[in-house]
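Okay, here's the structure, questions in a sec.
The values are calculated or read from the model by the stated rules, or taken from the named source; none is laboratory data. For clarity, every value in this text was computed on a predicted model and none was experimentally measured. Here the Cβ positions follow ideal geometry from the backbone for every residue, glycine too, while neighbour counts run over all protein chains shown.
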Amino acid sequence: MLDRPLLDLVHEAAGVHRQHHDPRRVQRCTLLSIKTGACPEDCAYCPQSARFTTDVEREDLIDVATVLGEARAAKEAGASRFCMGAAWREVKDGAEFEQVLEMVRGVAALDMEVCVTLGMLDDDHARRLKEAGLTAYNHNLDTSESFYKEIITTRTYDDRLRTLQSVQDAELSVCCGGILGMGESRDDRAAMLATLAALDPQPESVPINSLVKVPGTPLAAQPDVDPFEVVRVVAVARLLMPHARIRLAAGRRGMTDEAQALCFLAGANSVFFGERLLTTPNPELDRDLDLFSKLGLEVTAREPARA
Ligand code: SAM
Ligand code: DTB
Ligand code: SF4
């Protein structure tokens, strides 16, 4: 599918998109890093790994009041979903997890969709997050099973899949996607999309990130990913997962308005909104508002979470 003539692919994906979604609605999600840096994992793309020397300043878990202040501000600015990320290898029982549960309860009470990404977890953690009001858990496959080993050695693809199973068993929505531009082949992209589409149930949301090249990480000198390749991946994700929210995630600062417009046409219907991702910059609010206005896009209201 990824090899098809681009415009045929976009045309078909746009048709499927329009059957299942309102094409004028693009959801806006805001990210916040709640625990930053000093991560024991060795993900080659990540500025937060303790193994690489980057400009990221480490910060312990931040307090609940700060998080809720940021969530309120995000809602005010037009976001309907708030996603909190921690640079942890995995969730551990204890005071810090209790604090995260408190954050989840607080954001859910603001009537926003609430998502966290905390690394690996087990059934009990997933169940407690669900009870706290979590909408979705983000845990990316990042790439194909065979290319994964080139990028991360401190955990396996199967570890990732096991965490996703715990999330599904707790009847939380799965947010799961990947990163383009790490040196993977088109076959790797295809394999990742096939694995995502084979999850049962399929992910509620699929972030398509383009690598943000951070000095000090092993992938800092990768060539830029071709924006048309991003469009292809979005289109195939839309065709394979017609009901999912396809999120045009990290890397939008490096894309033109025209390339983003093609992604929205091909079925992307969510973006990260706000001037920071976790540790790196995202487009400025005014630029995004201008883009939405030029394209005639509205903003999704809060929608009930799908299991
Ligand atoms: N530590 C947790 C984990 O890895 O599951 C959660 C946070 S981690 C930063 C969340 C996701 O951000 C990663 O799975 C990866 O897909 C994405 N990410 C991290 N660094 C990135 C970069 N430089 N460019 C694009 N995406 C990135
Ligand atoms: C996802 O797929 N992308 C987001 C979110 N899930 C957590 C993270 C992007 C991080 C980009 C690099 C940074 O800002 O640190
Ligand atoms: Fe740690 Fe997550 Fe970054 Fe990997 S992606 S180094 S697990 S914060």
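Going by what's in this entry, would ASP111 be described as within 21 Å of the chain's Cα centre (by Cα) and of a type in the set (Asp, Glu)?
So ASP111 fits the description; yes.
Which of the helices (runs of 4 or more DSSP H) contained wholly in the range 48-155 include at least 3 residues that are touching a Gly at 6+ places or on another chain (Cβ under 7 Å)?
By residue number, 64-77, 95-109.
Inside the range 265-295, can you point out the residues that are within 16 Å of ligand 2 (Cβ to nearest atom) and more than 21 Å from VAL206 (Cβ to Cβ)?
GLU275, ARG276, THR279, PRO281, GLU284 - these are the residues of the range 265-295 that are within 16 Å of ligand 2 (Cβ to nearest atom) and more than 21 Å from VAL206 (Cβ to Cβ).
Is it the case that the range 197-207 has a residue that's out of contact with any helix residue (DSSP H, G or I) (no Cβ under 8 Å at 6 or more places or on another chain), under 23 Å from PHE273 (Cβ atoms) and surrounded by fewer than 24 Cβ atoms within 10 Å (Cβ to Cβ)?
Yes, some residue in the range 197-207 is out of contact with any helix residue (DSSP H, G or I) (no Cβ under 8 Å at 6 or more places or on another chain), under 23 Å from PHE273 (Cβ atoms) and surrounded by fewer than 24 Cβ atoms within 10 Å (Cβ to Cβ).
Is it fair to say ASP22 is more than 15 Å from ligand 1 (Cβ to nearest atom), at pLDDT below 95 and outside any strand (DSSP E or B)?
Yes; evaluated as a whole, the condition is true for this residue.
Let me ask another. What's the number of the condition VAL26 fails, among (1) of a type in the set (Val, Ile, Thr); (2) out of contact with any strand residue (DSSP E or B) (no Cβ under 7 Å at 6 or more places or on another chain); (3) closer than 23 Å to GLU229 by Cα?
It fails just one condition, (2).
Only one of THR135, THR163, THR154 is in contact (Cβ under 8 Å) with a residue 60 or more places away in the chain and within 14 Å of ligand 3 (Cβ to nearest atom); which?
THR154
To keep it simple, each residue is scored yes or no on (1) surrounded by 15 or more Cβ atoms within 10 Å (Cβ to Cβ); (2) closer than 25 Å to VAL233 by Cβ; (3) free of Cβ contacts under 8 Å to residues at least 12 places away in the same chain; (4) acidic (Asp, Glu).
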site	(1), (2), (3), (4)
LEU7	no, yes, yes, no
VAL10	yes, yes, no, no
ARG18	no, yes, yes, no
PRO40	no, no, no, no
TYR45	yes, yes, no, no
GLN48	yes, yes, no, no
VAL56	yes, no, no, no
THR66	no, no, yes, no
GLU70	yes, no, no, yes
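On the basis of being under 29 Å from PRO215 (Cα atoms), buried (at least 19 other Cβ atoms within 10 Å of the Cβ), in contact (Cβ under 8 Å) with a residue 24 or more places away in the chain and in contact with a helix residue (DSSP H, G or I) (Cβ under 8 Å, 6 or more places away or on another chain), does MET84 make the cut?
Yes.
If you don't mind, there's one more thing I want to ask. Evaluate the following for ALA50: is it within 16 Å of ligand 3 (Cβ to nearest atom), in contact with a Pro (Cβ under 9 Å, 6 or more places away or on another chain) and farther than 28 Å from VAL230 by Cα?
Answer is yes for this residue.
When the range 279-295 is examined, which residues are found to be within 16 Å of ligand 3 (Cβ to nearest atom) and more than 14 Å from ARG252 (Cβ to Cβ)?
The one that is within 16 Å of ligand 3 (Cβ to nearest atom) and more than 14 Å from ARG252 (Cβ to Cβ): THR279.
In the range 169-274, which helices (runs of 4 or more DSSP H) lie fully inside it and hold 1 or more residues that are closer than 24 Å to ALA77 by Cβ?
Hits in the range 169-274: 257-265.
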